[in-house]
Amino acid sequence: MYLLLKWVVFALIVSFTAWLIPGISVENYFSAFIAAAAISIINVSLKPILTLITLPINVFSLGLFTLVINALLLMFTAYLVPGFEVDGFIAALLGSIMISVLSVGLNFI
């Protein structure tokens, strides 16, 4: 039940981010729900591999390249999930920052 609640709140975070950031759009709440699941699965499976591969660049940039990885993964999620769209890298970067900041608060619940 706890994981379902976190998933619903994360879908609300995705919807709020789409409402706030121009260039990110969610067709309906079901698309946000699927996008939240896809973001979670991608972050668990692909993000550690990409972070390890880009470790030298990440060390050189003092960790700022992680923001680029997050933005690219958000764009990949938009490619996979119908009804969830990201229009460009800047929107993905701002959206990934917003989702990251809001999901930190979700982890404290």
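Find the centroid of the Cα atoms in segment 76-106 and in segment 1-52, then give the distance between the two in whole Å.
8
Taking the chain as a Gaussian network, Cα atoms linked when under 10 Å apart, which of THR77, THR54, THR66 shows the biggest mean-square fluctuation?
Taking springs between Cα atoms under 10 Å, the residue moving most is THR54.
Test of understanding: in a Gaussian network model of the chain with alpha carbons linked when under 10 Å, which of SER61, SER15, SER31 would top the mean-square fluctuation ranking?
Checking each option, the largest mean-square fluctuation is seen for SER61.
For Cα pairs less than 8 Å apart in space and 6+ apart in sequence, what is the mean separation divided by the residue count of the chain, i.e. the relative contact order in percent?
Once normalised by length, the contact order is 35 percent.
Each reported figure results from applying straightforward, stated rules to the coordinates on display, with no laboratory input. Source: prediction; values computed, not measured.
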